[in-house]
Amino acid sequence: MTIKVFGHKSPDTDATFSPIVWAWYLKEVKGIDAVPVLLGEPNTEAAFLLKHWGFERPAIIAALSEGEKVVIVDTNNPAELPEGIDKADIVQIIDHHKLVGGLETKGPIEITIRPLACTATVIYDLMGEDVVALPKAIKGAMLSCILSDTLEFRSPTTTEHDRAVAEKLAGEIGVTIPELAAAMFEAKSDVSAFSDAALLRMDSKEYNVDGTELRVSVLETTAPKLILDRKASLMGTMPDVAKEDGADQVLLFVVDILNEEATLLVPNDLVKKIAEASFGCKVEGDTVVLPGVMSRKKQIIPALKV
């Protein structure tokens, strides 16, 4: 039976390419029949990189059949996984996020969760000596994942190991990191074609904080003004998105990659309360700037209080 390899819903670069890389490795190196799939349309950065490295976009799935064999990468959160995951045959999990719980397997499996900035770095380590013979596109895909998840080493999640792996990959395939990162971030910042609802869901994860269901959305960009100019319509769309997705509130953080800060949209008193309690700031108006805040995983989610 073919193993399906996938990441989380609303796939970013890591959740798009780590499945591609690991499925390729399982099939081409280990001789195991595997195929990458996605749980939604890739974001603009990932779509750019698919063309850049010459990959076809993997098929998009919404549900799994009972007994399907799957490998989960870049998440272990059931809320980010497809319908039917509880009846699938999970054979492996590779991740770099905290352990959430809630997944049940049919037997003992391989689980690798490491405190690194990127799943692709974990995958690189798992390949061991086999990385030497990887083709350029696979190495480029892993490099891109690391640059995306670390925001070209600006994110506080970055470890020295992530940086070392990225620099080694870049050297082996003749890529200049600043040039590739600039092209990636330019593609990520081009969100003009997306509706407000699509933007709110583009890079979004669900969390329960003190009994409140929050959809925490992050938009990383080198052109924050393009998004903040739409703040009125974005905030007007938040109630509908929250209702449709079963959340009490949508939080949108616009991360300015170059200035290394986040702007949180503040549409109502609840978000104002959350912002002030979580980040020790004083909110005046419908936005608040949070200097140095770059990472949802390390700086936003652990700080959230309602």
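The values are calculated or read from the model by the stated rules, or taken from the named source; none is laboratory data. As the structure is a prediction and not an experimental result, all values here were calculated from the model. Methodologically, a virtual Cβ is constructed for each residue, glycine included, from the backbone with ideal geometry; neighbour enumeration extends over all protein chains shown. Note: accessible area is taken over every heavy atom of the protein model, side chains too, but ligands, DNA and RNA are not part of it. Shrake-Rupley method; radii C 1.70, N 1.55, O 1.52, S 1.80 Å.
Of the residues S65, S18, S10, which is of a type outside the set (F, W, Y), part of a loop (DSSP other than H, G, I, E, B) and touching a residue at least 40 places away in the same chain (Cβ under 8 Å)?
On the way: S65 fails: touching a residue at least 40 places away in the same chain (Cβ under 8 Å); S18 fails: part of a loop (DSSP other than H, G, I, E, B).
One residue alone meets the criteria, S10.
Looking at region 119-158, which of its residues are farther than 19 Å from T13 by Cα and touching a Leu at 6+ places or on another chain (Cβ under 8 Å)?
M127
Just one of V288, V293 is under 30 Å from L99 (Cβ atoms), of a type in the set (A, V, I, L, M), without any contact (Cβ under 8 Å) to a residue 60 or more places away in the chain and touching a helix residue (DSSP H, G or I) at 6+ places or on another chain (Cβ under 6 Å); which is it?
V293
Return the residue satisfying two criteria in turn: it lies in region 213-233 and is of a type in the set (S, T, N, Q) and within 20 Å of V271 (Cα to Cα), and of such residues it is surrounded by the most Cβ atoms within 10 Å (Cβ to Cβ). First the steps, then the outcome.
Here is the first cut: in region 213-233, the ones of a type in the set (S, T, N, Q) are 217, 221-222, 233.
Okay, now just the ones that are also within 20 Å of V271 (Cα to Cα), so 217, 233.
Working: S217: 23, S233: 11.
Out of the qualifying residues, it is S217.
In the list L258, L265, which residue meets the criterion of being open to solvent by less than 30 Å² (accessible area, probe 1.4 Å) and of a type outside the set (D, E)? Reasoning before the result, please.
Values: L258 fails: open to solvent by less than 30 Å² (accessible area, probe 1.4 Å).
Just one listed residue meets the conditions, L265.
Exactly one of (1) surrounded by 19 or more Cβ atoms within 10 Å (Cβ to Cβ); (2) modelled with pLDDT under 95 is unmet by E206. Its number?
(1)
Determine if region 120-128 includes at least one residue that is touching a strand residue (DSSP E or B) at 6+ places or on another chain (Cβ under 9 Å) and either among the basic types (K, R) or open to solvent by 20 Å² or more (accessible area, probe 1.4 Å) (or both).
For region 120-128, residues touching a strand residue (DSSP E or B) at 6+ places or on another chain (Cβ under 9 Å) and either among the basic types (K, R) or open to solvent by 20 Å² or more (accessible area, probe 1.4 Å) (or both): present.
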